[in-house]
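What follows is a set of notes on a single structure, which appears directly below.
The values are calculated or read from the model by the stated rules, or taken from the named source; none is laboratory data. It should be emphasised that the depicted structure is a prediction, and the values quoted were computed from it without experimental measurement. Counting neighbours? That spans all protein chains shown, and the Cβs are built from the backbone with ideal geometry, glycine included.
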């Protein structure tokens, strides 16, 4: 199995486990004399099976990520770099949106609000960082589809 396939299966399992919460709660209690729409014992057994598979997949994915080298660096390091840079770019975009918004004044006597940074320069920097992130993500995605999952 390729790493990318394991990642897709992990995402599906996580989604199904999240949905299990509602299914279990919907079948936790019924009116006396009624039957639940789904058997809670079967749901709990299914949850156990899914979490067991998720645990196995997560371990295999982590082992594969730490053993896979891209340009001499472990995939785990690249994933951490990507996640940190995504977070940084999200904050920079928000800051840039605020810095570039114009403040209308009805009269010249009102206080003038100005940006504290050079918006054009910051936008160029943001564009460069976004491109670098896309390139890094491309390397990671390529590795996901070419790397065999460690057993």
Exercise. Can you tell which of 47, 63 is surrounded by 11 or more Cβ atoms within 10 Å (Cβ to Cβ) and under 30 Å from residue 28 (Cα atoms)?
Worked result: 47
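Can you name the residue in segment 81-102 that is exposed (fewer than 12 other Cβ atoms within 10 Å of the Cβ) and outside any loop (DSSP other than H, G, I, E, B) and is also nearest to the chain's Cα centre (by Cα) among such residues? It would help to see each step written out before you state the result.
Taking segment 81-102 first, the residues exposed (fewer than 12 other Cβ atoms within 10 Å of the Cβ) are 83-84, 87, 90-91, 94, 97-98, 101-102.
Going one step further and asking which of them are outside any loop (DSSP other than H, G, I, E, B), we end up with 83-84, 87, 90-91, 94, 97-98.
Values: 83: 8, 84: 11, 87: 11, 90: 13, 91: 16, 94: 19, 97: 23, 98: 25 Å.
Only one residue tops the list, namely 83.
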For this session: Name every residue in segment 49-75 that is part of a strand (DSSP E or B) and either in contact with a strand residue (DSSP E or B) (Cβ under 6 Å, 6 or more places away or on another chain) or at positive phi (or both), in order of residue number.
Result: none
Exercise. Looking at residue 11, is it more than 27 Å from residue 147 (Cβ to Cβ), within 31 Å of the chain's Cα centre (by Cα) and part of a helix (DSSP H, G or I)?
Worked result: no
Exercise. Do we find a residue being touching a strand residue (DSSP E or B) at 6+ places or on another chain (Cβ under 6 Å) and modelled with pLDDT of 95 or more anywhere in segment 81-94?
Worked result: no
